[in-house]
Amino acid sequence: MTRVWILPVLLVLCGAFAAAGLVVAGSPGTAAALLPVFLLLAGVNSPLVFPRSIGAREAQRRSTVDGRPVVFWRPGCVYCLRLRIRLGRSARRLHWVDIWRDPAGAAAVREVNDGNETVPTVVVDGSPHTNPDPAWVRGRVSPSR
């Protein structure tokens, strides 16, 4: 659980220290511009940006029932973030599995990626796709599903 928050917390701390240093050095305007950048980076790299994660086994069970894709992801992954942002509101229709929180999810990703935890890995109809084009994934999520 705490592993997913390491990067966001470090970004907030670095931003705070950098801003404090700039204020002490006499540049409060620069500090005021820099701190929101670090806060934005922390927010984007936090698990808050992604839909609620579930376990790999539960995601696979739900996908079998409703036919929706399963997305294996991890915080801090720019490709996962790109996928999430480009999917927009339709991202809520997928089943998201955070591989840092779910060992079974990490094992599933390693199994289909030659032992590597390469994310995002999207499973559609039982077929894994590593780092697919977001437009392709969006096409697999029909409004009727």
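Any residue in segment 23-33 that is within 25 Å of TYR79 (Cα to Cα) and touching a helix residue (DSSP H, G or I) at 6+ places or on another chain (Cβ under 6 Å)? No. In segment 118-136, the residue that is nearest to ILE99 (Cα to Cα) out of those that are buried (at least 16 other Cβ atoms within 10 Å of the Cβ) and of a type in the set (A, V, I, L, M, F, W, C) is VAL119.
If you filter segment 123-140 down to residues that are closer than 23 Å to ARG89 by Cβ and in contact with a Ser or Thr (Cβ under 8 Å, 6 or more places away or on another chain), you find that the one that is modelled with the lowest pLDDT is ARG138. From ARG68, ARG86, grab the single residue that is assigned to a loop (DSSP other than H, G, I, E, B) and touching a residue at least 40 places away in the same chain (Cβ under 8 Å). Going through ARG68, ARG86 in turn, the sole match is ARG68. If we scan segment 14-26, do we find a residue that is assigned to a loop (DSSP other than H, G, I, E, B) and more than 12 Å from the chain's Cα centre (by Cα)? Yes, that holds for at least one residue. Could you tell me whether VAL70 is under 18 Å from PRO132 (Cβ atoms), β-branched (Val, Ile, Thr), surrounded by 20 or more Cβ atoms within 10 Å (Cβ to Cβ) and touching a Cys at 6+ places or on another chain (Cβ under 8 Å)? For VAL70, the condition - under 18 Å from PRO132 (Cβ atoms), β-branched (Val, Ile, Thr), surrounded by 20 or more Cβ atoms within 10 Å (Cβ to Cβ) and touching a Cys at 6+ places or on another chain (Cβ under 8 Å) - is not met.
Selection of segment 107-131 for residues being assigned to a helix (DSSP H, G or I) and touching a strand residue (DSSP E or B) at 6+ places or on another chain (Cβ under 8 Å) yields ALA108, VAL109, VAL112. Scanning segment 10-54 for residues that are surrounded by fewer than 14 Cβ atoms within 10 Å (Cβ to Cβ), touching a residue at least 12 places away in the same chain (Cβ under 8 Å) and of a type in the set (Val, Ile, Thr) yields one hit, VAL37. Exactly one residue among PRO8, PRO75 is farther than 16 Å from VAL119 by Cα and either outside the structural domain of ALA135 (by TED's automatic domain parsing) or touching a helix residue (DSSP H, G or I) at 6+ places or on another chain (Cβ under 8 Å) (or both), and that residue is PRO8.
Name the residue that is farthest from GLY55 (Cα to Cα), counting only residues in segment 98-122 that are in contact with a Ser or Thr (Cβ under 8 Å, 6 or more places away or on another chain) and acidic (Asp, Glu). That would be ASP98.
Residues that are at pLDDT 90 or above and touching a strand residue (DSSP E or B) at 6+ places or on another chain (Cβ under 7 Å) within segment 13-54 comprise just one, ILE54.
The values are calculated or read from the model by the stated rules, or taken from the named source; none is laboratory data. Keep in mind it's a predicted model, so treat the numbers as computed, not measured. A quick note on method: Cβ atoms are made from the backbone with ideal geometry, for glycine too, and the neighbour counts reach across all protein chains shown.
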